[in-house]
Amino acid sequence: QPGVTAHATLGVCLYPKPSLQQGEHIAHEFIGVENEDDDIVREILSTCAYCVMDGMSVQPFSCWANLLPLYMPKSKLKHVFFLPAYLWGDKLLMSNFENITVFYLLVCPLSDKEADFVSKFHDNSVGIKNLIEKMEKKKAYIFDFNREPIFFSIYINHCHNTVPLSLVYNLELYI
């Protein structure tokens, strides 16, 4: 897509984790997509890389909470969600090197409400598929770090307390 740049890590796969199969290991590399004018994704990818090198666990369809406020304090997008790198078809889903299988993960920003929506499903892959469908209807891209969240809360004043309407009536609203 014109005006969009992809960035990726190189070397995170040198920190593999043992697989369920004896003698096999699993590793990851991260990919982020941003507008050419932006310069935030490289920092986010490097933080993801350092977290894995420091022992943090990651896998497809997992979410790391509250990583984005480090770089985007005013953004409503606070969490990163890791998707298989589906934007490139089967070419970047995984690679095998000797006894290491490397999975390429697309780093996607999520708001609190979007993360809650995904977690309501027993299987995060089903939740994210539903979220992506809702985003596509609104012409929003899940990998866009500058987008507005598609879900929102309506606040009401209830006995001098501001309460999210979505908590009172358990509503799911999206723009």
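Some values worked out for this structure:
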{"read-out": "In degrees, nearest ten, helix 41-53 long axis to first principal axis of the chain (Cα)", "value": "60 degrees"}
{"read-out": "Fluctuation leader among V58, V118, V126 - the chain, Gaussian network, Cα springs under 10 angstrom", "value": "V126"}
{"read-out": "Using a Förster distance of 30 Å, the FRET efficiency for I100-A65 (Cβ separation, nearest 0.05)", "value": "0.60"}
{"read-out": "Signed unit charges on C-beta, dipole axis of the chain, positive-most listed residue N130, G11, I26", "value": "N130"}
{"read-out": "GNM top mover of L83, L106, L92 - the chain, alpha-carbon springs below 10 Å", "value": "L92"}
{"read-out": "Projected-area mean, the chain, by convex hull of Cα positions, square nanometres", "value": "12.0 nm²"}
{"read-out": "Selected from N96, N66, N146 as most flexible by GNM, with the chain as the system and alpha-carbon contacts under 10 Å", "value": "N96"}
{"read-out": "Hits among aspartates and glutamates - C-alpha to C-alpha of K134 under 14 Å, sequence gap 8 or more where chains match", "value": "E114, E148, E172"}
{"read-out": "Positive-end residue, the chain charge dipole about Cα centroid, Cβ charges, pick of L93, P69, I40", "value": "P69"}
{"read-out": "Rounded to 10°, Cα long-axis angle of helix 124-137 versus longest principal axis of the chain", "value": "60 degrees"}
{"read-out": "Carbon + sulfur, % of accessible area of the chain - ligands and nucleic acids excluded, 1.4 Å", "value": "54 percent"}
{"read-out": "Unit charges on C-beta of K, R, D, E only; dipole of the chain, Debye", "value": "480 debye"}
{"read-out": "Along principal axes, Cα extents of the stretch 6-80, largest first, whole Å", "value": "45, 23, 20"}
{"read-out": "Charged-residue dipole, Cβ positions (Lys, Arg, Asp, Glu), the stretch 79-131 about Cα centre, Debye nearest 20", "value": "120 debye"}
{"read-out": "Accessible surface, per residue, of the chain when the full set of protein chains is kept, probe 1.4 Å, Å²", "value": "60 Å²"}
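The values are calculated or read from the model by the stated rules, or taken from the named source; none is laboratory data. Computed from a prediction, not measured in an experiment: that's the story for all the values here. We place every Cβ from the backbone using ideal geometry, glycine too, and count neighbours over all the protein chains shown. In case anyone asks, the SASA skips ligands and DNA or RNA and just uses the protein heavy atoms, side chains included. Shrake-Rupley method; radii C 1.70, N 1.55, O 1.52, S 1.80 Å.
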